[in-house]
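The values are calculated or read from the model by the stated rules, or taken from the named source; none is laboratory data. Predicted, not measured: the structure shown is a model, and the values here were computed from it. Backbone-built Cβ (ideal geometry, glycine too); neighbour counts: all protein chains shown. To get the accessible areas, we keep the full protein, side chains included, count just its heavy atoms, and leave off ligands, DNA and RNA. Shrake-Rupley method; radii C 1.70, N 1.55, O 1.52, S 1.80 Å.
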Amino acid sequence: MLLVGVVARSFSRTEAGSHMERLLVTGGCGFIGRAVVAELLEMGYEVRVLDALIDQVHAQQDVSGEIEGAEVVRGDVRDRAAVDAALEGVSGVFHLAAEVGVGQSMYEIARYVGGNDLGTAVLLEAMIGRKIRRVVVASSMSVYGEGLYRAPDGSQRGDVRRGAAEIRQGRWDPLAADGQPLVPLATDETKPVDLASIYALTKYAQERAVLIFGQAYGIDAVALRLFNVFGPGQALANPYTGVLANFASRLANGQRPLVFEDGRQRRDFVHVKDVARAFCLAMERPAAAGHVINVGSGQAYSIAEVATLLAEAMDVPHLEPEILNRARSGDIRNCFADISKARDLLGFQPQQALERSVGELAAWVGKVGAIDRAAEMRRQLEERGLVS
């Protein structure tokens, strides 16, 4: 285990206000983790980070400036000694350390199960007997599979799944039994989970393990189901990190964004600063304890629309998305968030809408540059038969 202290920024008790708690952020050097750390430091908390700093996520990134003021423990969350060191003296834990990527999870199965589920198990065991008041875990909208739909008779359907035969035929939109179209609806937390990828399976196991643990040991536990997070600081060299980062890497290298299916599938995009604020609220708001809570923008965007919006912001509108009319194994058609519960329990209100923030992302990409690995991702999936 390598211990690295980053202490360039410190707070006096007066500057730090009334908090002066030490909180742990696993995965705190990652895209979302850094935003959470920055928010916590601004609020006056003392922050410790545990991060393995793996190349896929952190290659060509210097994250030290973004977490200036935090103490960093470099180590794997599966390493009990590193976890014990990181937990010493902390009163709250944000668990964000995870392998991330639906497509990659379908062929690097042991890596995802080990990093996400075994890592969570090691962390929870290490927390037993410590004075930790609350743990907040990062879950994912992927646990829902398809989002909610409205059937032709007006009823809500939470059990929709597309068949392989329909996907192979390019029939992208789920239909009712009589062949009538289903209308996608905002998905709330009552929708039953439908695990369509190994990644989704591991994220659901993470959230359930944390909530079960919290109930058993009298520790407040909260699970945040994150929708598609975007913003400056994404790992542009990681083709599995998110659709906007993928598109930005392509556009920055003069290539058209690769869009699976017909591009009309709809998702919810939420800014990383809004997500960081939601995590902090989840640590502080008493009403959140024991709950699973969606964190999104509450808005739905088609994937092709997002690709076009980003190309315009990056001043390459001629690079229109390349519509592949092929589907990846584990992908779903529509899922966007109902954030009523986040508003009610956290007082959460998104402030950084995609259409107003995409320019900020474009400017950052132009500054840092990007390596385009989308074609490599596509090849890896196709070689394993994971693209229909």
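Ignoring ligands, DNA and RNA, what percent of the accessible area of the range 232-344 is carbon or sulfur (1.4 Å)?
On the way: 1610 of 3880 Å².
Carbon plus sulfur share of accessible area: 42 percent.
Could you list the residues of the range 252-267 with an amide nitrogen less than 14 Å from a label point located 7 Å from the Cα of residue 305 in the Cα-to-C-beta direction?
Correct set: 263-267.
Where a ≥ b ≥ c are the square roots of the eigenvalues of the C-alpha gyration tensor, would you call the range 160-302 rounded, which needs a/c under 1.5, or, failing that, prolate if a/b is larger than b/c, or oblate?
oblate
Classify the range 329-372: rounded, prolate or oblate, from the alpha-carbon gyration tensor (a ≥ b ≥ c, eigenvalue square roots; a/c under 1.5 rounded; otherwise prolate if a/b is larger than b/c)? The partial results should precede the final answer.
On the way: a/c = 3.22, a/b = 1.44, b/c = 2.23.
Taking the square roots of the gyration eigenvalues as a ≥ b ≥ c, the range 329-372 is oblate.
What is the gain in length, in nm to one decimal, between residue 217 and residue 367 on full extension, counting 0.36 nm per residue of separation less the C-alpha to C-alpha distance?
Numbers: separation 150, 0.36 × 150 = 54.00 nm, distance 4.72 nm.
Extra length from residue 217 to residue 367 when fully extended: 49.3 nm.
State to the nearest 20 debye the size of the charge dipole of the range 301-368 about its Cα centre, where the only charges are +1 on K and R beta carbons and -1 on D and E beta carbons.
Values: 7 positive and 10 negative charges, 60 e Å.
Approximately 280 debye in magnitude.
About the Cα centre, and with charges only on the beta carbon of Lys, Arg (+1) and Asp, Glu (-1), how big is the dipole of the chain? Nearest 20 debye, please.
On the way: 42 positive and 49 negative charges, 81 e Å.
Approximately 400 debye in magnitude.
In what sequence, highest mean first, do 25-35, 276-286 appear when ranked by Cβ atoms within 10 angstrom? Please list the in-between numbers first.
Values: 25-35: 27.2, 276-286: 20.7.
Per-residue Cβ counts within 10 Å, averaged per peptide and sorted highest first, yield 25-35, 276-286.
Calculate, for residue 166 and residue 262, the FRET efficiency according to 1/(1 + (r/R0)^6) with r their C-beta to C-beta distance and R0 22 Å; round to the nearest 0.05. Numbers along the way, then the final one.
Numbers: r = 13 Å, r/R0 = 0.60.
Calculated transfer efficiency: 0.95.
Over the range 27-173, what relative contact order in percent results from Cα pairs under 8 Å that are six or more residues apart?
Details: 164 pairs, mean separation 27.7, N = 147.
Taking the mean separation of contacting Cα pairs over the length of the range 27-173, I get 19 percent.
Taking the Cα centre of the range 44-163 as the origin and placing charges on Cβ (Lys, Arg +1; Asp, Glu -1), which of 44, 132, 85 is farthest toward the positive end of the dipole?
132
Take the solvent-accessible surface of the protein heavy atoms, probe 1.4 Å, and return the percent of it on the range 144-200 that carbon and sulfur atoms account for.
On the way: 1440 of 2970 Å².
About 49 percent, which is the carbon plus sulfur part of the accessible surface.
Rounded if a/c is under 1.5, else prolate if a/b beats b/c, else oblate: with a ≥ b ≥ c from the C-alpha gyration tensor eigenvalues square-rooted, which is the chain?
Prolate, because a/c is 1.5 or more and a/b exceeds b/c.
Calculated FRET efficiency, residue 356 and residue 80, Cβ-Cβ r, R0 41 Å, to nearest 0.05? Before the final figure, lay out each step's value.
Working: r = 44 Å, r/R0 = 1.08.
The computed FRET efficiency comes out at 0.40.
Highest mean first, what order results for 291-297, 175-181, 210-216 on Cβ atoms within 10 Å? Numbers along the way, then the final one.
Values: 291-297: 24.7, 175-181: 11.0, 210-216: 17.4.
So the order, starting with the most tightly packed, is 291-297, 210-216, 175-181.
Go through 28, 233, 181 and say which Cα lies farthest out towards the positive end of the charge dipole of the chain; charges sit on Cβ, +1 for Lys and Arg, -1 for Asp and Glu.
181
Suppose all protein chains stay in the model; what accessible area per residue would a 1.4 Å probe give for the chain, in Å²?
On a per-residue basis, the chain sits at 42 Å².
I need to check one value: relative contact order of the chain, counting alpha carbon pairs closer than 8 Å and at least 6 residues apart, in percent. Mind showing how you got there, number by number?
Values: 838 pairs, mean separation 67.3, N = 388.
It rounds to 17 percent for the chain.
Would you please put 303-312, 158-167 in order of how densely packed they are, using the mean number of other Cβ atoms within 10 angstrom per residue and starting with the highest? Write out the running numbers ahead of the final one.
Numbers: 303-312: 20.9, 158-167: 14.1.
Highest to lowest by the protection proxy: 303-312, 158-167.
Once the piece of chain linking residue 121 and residue 175 is laid out straight, how much longer is it, given 0.36 nm per residue of separation minus the C-alpha distance between them? If you can, show how the numbers build up before the last one.
On the way: separation 54, 0.36 × 54 = 19.44 nm, distance 3.95 nm.
Gain on extension, residue 121 to residue 175, equals 15.5 nm.
Report the extension gain between residue 54 and residue 110 in nm, rounded to one decimal, defined as 0.36 nm multiplied by the number of residues separating them, less their alpha carbon distance.
Values: separation 56, 0.36 × 56 = 20.16 nm, distance 1.62 nm.
So the chain would gain 18.5 nm between residue 54 and residue 110.
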